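Let me begin by presenting the structure, written as structure tokens, before commenting on it.
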Amino acid sequence: MLWDLVVLLVFGGIVGWVIWYWYRASKEVVSQVEVSNPGGERGTALLVYHPGRRGFLHSVVQAFAGSLVSGGWRVEITTASHQAPTDLLGYDLLVLGGPTYFWTPVRPIRAYVRGLGDLEGEPTVTIVTGFGSTGRSKSILEALVQEANGKLVNSLTFFKLRPNDEEDPRPNREVAMEMATRAGAAISVSHD
């Protein structure tokens, strides 16, 4: 009888922790749109992301955005919330970022993409972060973009714990920032 109670309490505690963590991780974060390089002549990029619980994705997005700015882009960054822009007229590139929790991109970024409706071929980059297993999360975000008629330009994943580059001995976060910077610099969007 006592053993059953202990098992029930441990199981209930684990389930409670998972529910609490999922709720906190999936909570919408509202922020204003921050504009970098207002006079950018190469085009205008909208970066919409969820910062995650530890800030790793925020750092990756900032590195990616910084390289866009260096390349002459006007960059607008905000979080995936009910206040994020949904009218994509005037944007030449959409960048969507979400951390992976329980093998799925966080709920606010999924909800944001679904709320956009038809992307009408909008060039889109997805960025997914995770501890080390992001394949399912990446596929889900890519599918959401494709179902919304977006043109997937690139789909990036960055790991917090698993090495981003097995050959590079530097700290993993440093490697991820460099990779994000290179990926942003390599973006080429044709203006049809």
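Just to be sure, is Glu76 over 18 Å from Ala183 (Cβ atoms), touching a Lys or Arg at 6+ places or on another chain (Cβ under 9 Å) and either among the charged types (D, E, K, R) or in contact (Cβ under 8 Å) with a residue 60 or more places away in the chain (or both)? Taking the combined requirement at face value, the residue does not satisfy it. Counting only strands (runs of 3 or more DSSP E) that fall entirely inside segment 2-120 and contain at least 1 residues that are over 19 Å from Leu152 (Cα atoms), within 19 Å of the chain's Cα centre (by Cα) and at pLDDT 90 or above, the qualifying elements are 34-36, 73-79. When segment 155-176 is filtered for residues that are surrounded by 15 or more Cβ atoms within 10 Å (Cβ to Cβ) and over 21 Å from Tyr101 (Cβ atoms), only Val175 remains.
Going by the structure shown, is Phe131 among the aromatic types (Phe, Trp, Tyr), surrounded by fewer than 18 Cβ atoms within 10 Å (Cβ to Cβ) and within 24 Å of Tyr112 (Cβ to Cβ)? Considered against the rule, which asks whether it is among the aromatic types (Phe, Trp, Tyr), surrounded by fewer than 18 Cβ atoms within 10 Å (Cβ to Cβ) and within 24 Å of Tyr112 (Cβ to Cβ), Phe131 comes out as yes.
When the test is whether a residue is part of a loop (DSSP other than H, G, I, E, B), under 16 Å from the mean Cα position of the chain (by Cα) and surrounded by 13 or more Cβ atoms within 10 Å (Cβ to Cβ), Ser139 does not pass it. Quick one: would you say Leu144 is in contact with a helix residue (DSSP H, G or I) (Cβ under 6 Å, 6 or more places away or on another chain), farther than 22 Å from Thr181 by Cα and of a type in the set (A, V, I, L, M, F, W, C)? Yes. The single residue among Pro171, Pro163 that is at pLDDT below 95 and either within 16 Å of Phe64 (Cβ to Cβ) or in contact with a helix residue (DSSP H, G or I) (Cβ under 7 Å, 6 or more places away or on another chain) (or both) turns out to be Pro163.
Sub-8 Å Cβ pairs linking a first residue in segment 93-122 that is farther than 21 Å from Ser59 by Cα to a second residue that is part of a helix (DSSP H, G or I) and at pLDDT 90 or above, at least 6 apart or interchain, are Val113/Leu141; Val113/Leu144; Val113/Val145; Arg114/Leu144; Leu119/Val145, ordered by first then second residue.
Take the residues in segment 83-110 that are among the polar types (S, T, N, Q) and within 15 Å of Thr129 (Cβ to Cβ), then tell me which one is surrounded by the fewest Cβ atoms within 10 Å (Cβ to Cβ). Among them, the one singled out is Thr104. Tallying residues that are in a loop (DSSP other than H, G, I, E, B) and of a type in the set (D, E, K, R) within segment 121-136 yields 1.
The values are calculated or read from the model by the stated rules, or taken from the named source; none is laboratory data. As the structure is a computational prediction, the values presented were derived from the model and not from experiment. FYI the Cβ positions are ideal-geometry reconstructions off the backbone, even for glycines, and counts take in every protein chain you see.
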